[in-house]
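Participant: One structure follows; several queries about it will come next.
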Amino acid sequence: MMILKMKKEDLSVFLETVKEWGELWGPARKGERVVFQRVDGLSQMDLKATRTIIPPKKFLYPQRFTMFDFDDKGYVERTEHVPNRILFGIHPCDIHGIQVMDELFLEEYRDPYYAERREKTLLLGHSCIPDDKCMCSARDTEFIAEGFDLFFTDLKMFYLVWVGSSRGHDLVRMRPELFNRNIGRDDILNYNEYRKWKKAQVQSGADFTGMPDIFELGYNSPIWDELAEKCLSCGQCTMVCPTCNCFNVVDEVELGTVEGTRDRFWDSCMFREYSLVAGGHNFRDKRVERLKLWYTHKLQAYISEFGEPSCVGCGRCVATCPVDINVVTVTKALREQEVGK
Amino acid sequence: MSSPRVGIYGFTGCAGDQLMILNCEDRLIDLFGAVDILSFAMAKSDNKDEELDVAFVEGSISTEEQLEHLKNIRSRAKVLVAIGTCACWGGPQAMKLEEGGFEKRYKGVYGDAKIAVSKALEAQPVDAFVKVELKIPGCPIDKTEFLSAVSKIVAGRHPYFYKFPVCTECKWKENLCILLEGKFCAGPLTKAGCGAVCPSHNIPCVGCWGPTDDLNVGAEYKLLIEKGYSPEEVTRKITKFSGAEVAKLMKGLELKDMEAKK
């Protein structure tokens with residue numbers, strides 16, 4: 001870990017330089033939306049936007065992609081087509097999200113498709129401006145100490161740049177003259193102020209304390225039935241969640257041949273088909289069972305396995321659900337034993 | 001192994017699904033090469049009524065003559081595939097199916113005019129009359145979904161279609177949710193497969209792919225009423241394409257609403 005200082009006007013030059021390593025992607029406006037898009041440079045990005053519709057998981061694990069091509073003799077993996085990519089402007093919560101994905105896809109069972117994309121992706125984080133839907137303070141994810149290659153904290157007059165990996169350091173060494181280590185008393189005070197400011201910005205009212213217990217106590221609570229009656233089963237919450245990773249796999253065959261591709265696409269435990277098994281049995285046939293599974297997985301079961309919830313507090317479920325079912329309203333409903341309006 | 005023997009037929013509908021098959025342009029030669037098309041009145045002459053491996057049927061059934069023809073196709077085909085929303089769910093012409101009163105509606109339109117062609121029936125989806133092995137919905141069907149299904153049938157595999165709602169594809173494309181803007185959108189009730197074409201152009205989903213695997217009509221209905229739509233308007237909008245199917249689920253909802261008003 002190393003923290004450097006950079007003049008704000010130098011960022012544009014720096015990003016121009018690192019494009020030599022790979023494609024530059026960042027949060028950019030598309031009408032009223034903000035999505036991670038390929039950009040030419042800093043001027044096309046919107047670094048003030050609080051969140052993109054889909055988190056950066058789409059780069060490591062695309063919505064739908066081909067795993068391999070097959071014919072009657074065997075199969076050939078399609079991992080070589082992945083380009084080098086630099087993702088700039090990723091916020092702390094989303095980096096926490098990628099760390100959760102890394103645990104799932106790289107540790108016990110190494111997923112070659114995820115691993116290939118992860119290897120070819122550099123994460124350049126950027127500090128953010130929280131809005132009323134952010135819950136990072138409640139989840140302790142408003143700051144990030146690891147998991148990125150570089151992290152830029154905007155302190156108005158300049159950037160403090162965290163170097164989080166040797167690959168990040170390699171980028172710095174492409175333009176060493178843009179960085180310095182002259183960090184003085186005022187910079188430290190500034191940074192401290194910034195931390196206080198950021199904590200004060202988060203006002204979603206989310207409260208995750210005691211969550212494993214509240215879930216255990218409320219497992220058979222009628223609250224779940226009330227929520228399920230409202231739930232549209234649209235699955236949007238799972239698509240936008242930075243730590244949701246369920247998928248389905250399907251073969252496509254070339255017409256009149258035995259050649260084809262095996263494709264993988266995002267699925268969701270909120271859908272009935274997901275828990276359907278051979279013979280027609282469904283482990284979670286009812287909507288209420290699926291809804292309960294998702295929330296207990298995020299905020300209870302994950303804690304027992306990995307020590308913390310898999311919610312990173314990004315607020316996307318809050319911003320997305322048309323009927324206001326999200327980690328804030330569900331935890332509140334369980335705690336207060338009443339579903340809010 | 002000989003190519004599967006295929007027939008493609010159209011009943012009450014706009015013929016858009018058959019047209020979409022012909023619109024597969026760059027794949028058409030592959031298609032005609034992979035299957036032996038014995039009957040496809042829209043595309044060729046010299047059509048034969050013989051035994052079939054697969055019959056693709058477009059359109060709803062709305063006359064007795066059509067019903068006889070359908071039964072004849074069924075008796076000759078090992079597998080019958082309904083293509084398009086009219087064949088799968090009835091289409092707009094089956095919107096009032098659950099309401100009943102066909103005779104009265106018929107009279108309202110035709111009066112006492114003598115119809116010589118064939119006795120008309122209330123339009124219904126194909127599976128209301130005969131066994132259907134597979135449904136490929138869409139208005140019109142999607143080329144990719146159709147070719148994927150045909151390729152698998154030819155290869156002796158099971159076709160696969162997304163069972164989740166179109167909201168999934170819509171989110172994949174990173175669209176803002178139209179329901180969140182307070183506007184009507186039938187996305188949560190509607191099967192995916194179109195690639196969320198309409199919402200990607202900021203046009204609400206009208207439900208033309210038909211009902212999804214596990215829809216919560218009650219929740220959608222309640223949400224739209226809360227957004228200020230009248231029960232009549234919600235009913236009309238969500239039963240437009242898959243009326244026959246959704247209307248069954250709708251029964252009782254309006255009553256509940258009326259009771260609540262009392």
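The values are calculated or read from the model by the stated rules, or taken from the named source; none is laboratory data. In this text, all values refer to a predicted model and were calculated from it rather than measured experimentally. Heads up, the Cβs are rebuilt from the backbone with ideal geometry, glycines too, and the neighbour counts pull from every protein chain shown.
Participant: Within the bounds of the range B:44-65, is there any residue that is touching a residue at least 24 places away in the same chain (Cβ under 8 Å), of a type in the set (Val, Ile, Thr) and in a helix (DSSP H, G or I)?
Facilitator: So far as the range B:44-65 goes, no, none of its residues is touching a residue at least 24 places away in the same chain (Cβ under 8 Å), of a type in the set (Val, Ile, Thr) and in a helix (DSSP H, G or I).
Participant: So which pairs qualify, if the first residue must be in the range A:319-341 and of a type outside the set (A, V, I, L, M), the second must be crowded, with 19+ Cβ neighbours inside 10 Å, the Cβ gap must be under 6 Å, and the two must be at least 6 apart or on different chains?
Facilitator: Cβ pairs passing all conditions: A:320/A:236; A:320/A:240; A:321/A:237; A:322/B:177; A:322/B:179; A:326/A:317; A:326/A:318; A:340/A:329.
Participant: Conditions first: (1) farther than 27 Å from residue B:54 by Cβ; (2) modelled with pLDDT of 95 or more. Residue B:130 passes all but one, so which condition is the exception?
Facilitator: Only one criterion is unmet by residue B:130, namely (1).
Participant: Being modelled with pLDDT of 95 or more and within 26 Å of the chain's Cα centre (by Cα) is the filter here; which residues of the range A:62-82 pass it?
Facilitator: Within the range A:62-82, A:62, A:63, A:64, A:65, A:66, A:67, A:68 qualify.
Participant: From A:66, A:52, grab the single residue that is over 29 Å from residue A:299 (Cα atoms) and within 14 Å of another protein chain (Cβ to nearest Cβ).
Facilitator: Checking each option against the conditions leaves just A:66.
Participant: Still on this model: Mind checking which residues of the range B:205-241 are part of a helix (DSSP H, G or I), within 13 Å of chain A (Cβ to nearest Cβ) and β-branched (Val, Ile, Thr)?
Facilitator: B:217, B:225, B:238
Participant: Go through the range A:254-299 and count every residue that is under 25 Å from residue A:226 (Cβ atoms) and acidic (Asp, Glu).
Facilitator: The total comes to 3.
Participant: Output the number of the condition that residue A:300 fails; it satisfies all remaining conditions of (1) at pLDDT below 95; (2) closer than 11 Å to residue A:208 by Cβ; (3) out of contact with any Asp or Glu (no Cβ under 9 Å at 6 or more places or on another chain).
Facilitator: (3)
Participant: Inside the range A:245-256, can you point out the residues that are under 23 Å from residue A:272 (Cα atoms) and either without any contact (Cβ under 8 Å) to a residue 60 or more places away in the chain or in contact with a Lys or Arg (Cβ under 6 Å, 6 or more places away or on another chain) (or both)?
Facilitator: If the condition is that a residue be under 23 Å from residue A:272 (Cα atoms) and either without any contact (Cβ under 8 Å) to a residue 60 or more places away in the chain or in contact with a Lys or Arg (Cβ under 6 Å, 6 or more places away or on another chain) (or both), then A:246, A:247, A:248, A:249, A:250, A:251, A:252 are the ones that fit.
Participant: I'm trying to understand the selection: among the residues of the range A:26-44, which are away from chain B (no Cβ under 13 Å) and within 24 Å of residue B:177 (Cβ to Cβ)?
Facilitator: The answer is A:26, and nothing else.
Participant: Give, as residue ranges, the strands (runs of 3 or more DSSP E) completely inside the range A:1-116 that count at least 3 residues that are aromatic (Phe, Trp, Tyr) and over 21 Å from residue B:171 (Cα atoms).
Facilitator: Filter on the range A:1-116 gives an empty set.
Participant: Shifting gears a bit: Taking the range B:32-52, which residues are under 25 Å from residue B:127 (Cβ atoms) and either β-branched (Val, Ile, Thr) or within 14 Å of chain A (Cβ to nearest Cβ) (or both)?
Facilitator: Those that are under 25 Å from residue B:127 (Cβ atoms) and either β-branched (Val, Ile, Thr) or within 14 Å of chain A (Cβ to nearest Cβ) (or both): B:35, B:37.
Participant: What is the residue count in the range A:242-273 for residues that are outside any strand (DSSP E or B), surrounded by 16 or more Cβ atoms within 10 Å (Cβ to Cβ) and at the interface with chain B (Cβ under 9 Å from one of its Cβ atoms)?
Facilitator: Looking only at that region, the number is 8.
Participant: Something else: Condition first: surrounded by fewer than 24 Cβ atoms within 10 Å (Cβ to Cβ), at positive phi and within 9 Å of another protein chain (Cβ to nearest Cβ). Can you find one or more residues in the range B:184-199 that meet it?
Facilitator: no
Participant: Here is a follow-up. Within the range A:168-207, restricting attention to residues that are farther than 30 Å from residue A:85 by Cα and of a type in the set (Lys, Arg), which residue is surrounded by the most Cβ atoms within 10 Å (Cβ to Cβ)?
Facilitator: This residue is A:199.
Participant: Quick check on residue A:232: is it of a type in the set (A, V, I, L, M) and outside any helix (DSSP H, G or I)?
Facilitator: yes
Participant: What are the pairs, 6+ residues apart or on separate chains, where a residue within the range A:257-268 that is not assigned by TED's automatic domain parsing to the domain that holds residue A:113 has its Cβ under 7 Å from a residue that is among the small types (Gly, Ala, Ser)?
Facilitator: A:258/B:155; A:268/A:235
Participant: Something else about it: What are the residue pairs meeting all of these: first residue in the range A:62-74, first residue more than 30 Å from residue A:240 (Cα to Cα), second residue of a type in the set (A, V, I, L, M, F, W, C) and not in a loop (DSSP other than H, G, I, E, B), Cβ atoms under 8 Å, and 6 or more apart or on different chains?
Facilitator: These pairs meet every condition: A:70/A:76.
Participant: For the range B:161-181, how many residues are assigned to a loop (DSSP other than H, G, I, E, B), within 11 Å of residue B:209 (Cβ to Cβ) and in contact (Cβ under 8 Å) with a residue 40 or more places away in the chain?
Facilitator: Number of matching residues: 0.
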